[in-house]
1. Separation of the range 121-192 and the range 49-88 by C-alpha centroid, Å?
2. Which ³J(HN,Hα) values in Hz, rounded to whole numbers, follow from the phi angles of the range 105-122 under the Karplus curve 6.51 cos²θ - 1.76 cosθ + 1.60, where θ = phi - 60° and Gly and Pro get x?
3. By count of other Cβ within 10 Å, fewest leading, how are 231, 139 ordered?
4. For the chain, which longest stretch is free of loop sites, where a loop site is one of the chymotrypsin sites (Phe, Trp or Tyr not before Pro) that DSSP puts outside H, G, I, E and B and that has at most 13 other Cβ atoms within 10 Å?
Amino acid sequence: MNETTPISRLRLRGRIAKVRDLSDSHRQDLFVLFARYYEDVRQPKFLADLAGKSHIILLHDAANGRLQGFSTLQVWYTDVDGVKAKIVFTGDTVVDQAYWGQRDLQKLFTDFLGRAKLTRPFGPVYWFLMTKGYRTYLTMAKNFFEFYPCHFVPTPPFEQSLIRTLAGNAYPDEFNADTGLIAYKVTGGQVRHGVADITGDLLNDPHIRFFSEKNPDYADGTELVCVGKVTWQVLTHSFGKVIRKKLGLRALQPTPAPALMGSPAES
């Protein structure tokens, strides 16, 4: 990127691809970008994690085609408390700081969630997230009506079981069911200092303050396990935010669901 290029003129072009279709050079570009924002990362582990995902959102500079962001994805079904739920998991995610604020990632992720929901229109679908950064948690908080854990309502029993099942299966020796945190025994993959620190006025946001209190060791790479319920209301709200952004209109914030709306039944 030319250092004189105004950030306001930078634009992204994104697409969803299958991981198996990525070239070796593309995989190398992914790791280089990831290592720019995360500490103590190892390429073999990164590539192994990538190989375990089915799809990836790729974000390139619209002018020069250089990779500027990505998010890995995987989908599966799980049975919890007698309920079959479809799970959409997001793994490694990074967007170059010069492009923060653009909604291409959100739009493509909404498209992916929409496809998942179309295949299970009347059954529960959840976004499964493990995050060490407040920005990703904020994405869920700002776009989902029912997401857990959150500051304004206790996590309902079904979502508690879902979190414990998903995280317990993925990291049985490192997930703490009491705290909802994954503290890795082998460190690595912490967000670099200065990239997403929680300081000053950020703590005035109740979602960020809750994340900081719930996951005080986020800077060490500890991850908070979260789930968000994917409903048609969520999908239309997220798509509407993209349209309002393009039209220069103020985005509307979702109204949190009351506590009794935490059941797995479709709303």
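A short reminder: the numbers here are calculations on the coordinates, not readings from a lab. What you are looking at is a predicted structure, and each value in this text was computed from that prediction instead of being measured. In this analysis, Cβ positions are derived from the backbone assuming ideal geometry, glycine residues included, and neighbour counts consider all displayed protein chains.
1. 16
2. With coefficients 6.51, -1.76 and 1.60, one gets 5, 4, 4, 5, 5, 4, 4, 5, 4, x, 5, 5, 5, 4, 7, 9, x, 10 Hz.
3. Fewest-to-most ranking of 231, 139: 231, 139.
4. It runs 153-267.
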